[in-house]
1. Less than 18 Å apart at the alpha-carbon level, and either on another chain or at least 8 residues along: which aspartates and glutamates does that give for K22?
2. How high is the relative contact order of the chain? Use alpha-carbon pairs under 8 Å, at least six apart in sequence, and give a whole percent.
3. Roughly speaking, what is the stretch gain from I83 to F192, that is 0.36 nm per residue apart minus the C-alpha to C-alpha distance, in nm to one decimal?
4. Mind listing P(r) for the chain? All alpha-carbon pairs, 10 Å bins, whole percents.
5. Based on the mean of other Cβ atoms within 10 Å per residue, sort peptides 95-108, 71-84 so the most packed one is first.
6. Cut-off 18 Å, label point 7 angstrom out along Cα-to-Cβ of E128: give me the residues of segment 38-80 whose amide nitrogen falls inside.
7. Just the number, please: percent antiparallel of the DSSP beta bridges in the chain, rounded to the nearest 5.
8. Would you list which lysines come within 25 Å of K134, measuring only between C-alpha atoms, while excluding same-chain residues fewer than 8 positions from it?
Amino acid sequence: MLYNAVLEGRTSGIYVTLEQSKESLAGHMANMGMNVEDPRVRSNIAIIDLADLRVQLHEAGTAHQVDWMGQLIKQLTNYRESIGFEVLVFDSLGAFFTLTQMENPRDETFRFFEACRRLGLTTLIICEMMGEMKNQFGEFGIEDYLADGVIHMTMEREGDQIHRKLAIIKMRHTNHSLGYRPLRWDTPSSRFTVG
């Protein structure tokens, strides 16, 4: 979404990754037909790789001394003021909380969502499905409550086939269709299609 919006000249953004290196992410993008060397992409999408920092701090034994949420919000505020990005993709909230081991993750989740709102960002936060039946949107059961929208992507097995599906579970102030729709990768156009 961010890549195509940038190519169309509609926005700029930051992709924060915690589990994948910048090089690995760029490789995945290239494998999906995205030209990461395109000047529009290079000047309008910044990839912030916290995976390497995570490893360095754990090796030094200092990860527990960092106010991760405070530092993250400070960095995002600095980037917003200096380069004026409009879209934040955060991959993933679960990895962030595993990294930080915060005492009160519910309060910290609220703090993060509110900081993104105050900065005026369109924010896409990736969360894993949790709970015994994998039916809870996020680890702490409040992520979907705090979010203005929830888009759920899933993969279902049918015989030997795997099918991707997508649903808009929640989108505040929007009349949207309910139910899951097929999500297909179209190789010639290098895009996903819904329907």
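Only the coordinates and a few stated rules stand behind these numbers; no lab work does. For clarity, every value in this text was computed on a predicted model and none was experimentally measured. Every residue, glycine among them, receives a Cβ derived from its backbone with ideal geometry; neighbour counts consider all protein chains shown.
1. Excluding near neighbours in sequence, the set is E37, D38, D49, D52, D91.
2. 16
3. So the chain would gain 36.3 nm between I83 and F192.
4. Histogram of Cα-Cα distances, whole percents per bin: 8, 30, 38, 21, 3, 0.
5. 95-108, 71-84
6. From segment 38-80, the list is 50-52, 54-55.
7. Bridges in the chain that DSSP calls antiparallel: roughly 55 percent.
8. K165, K170
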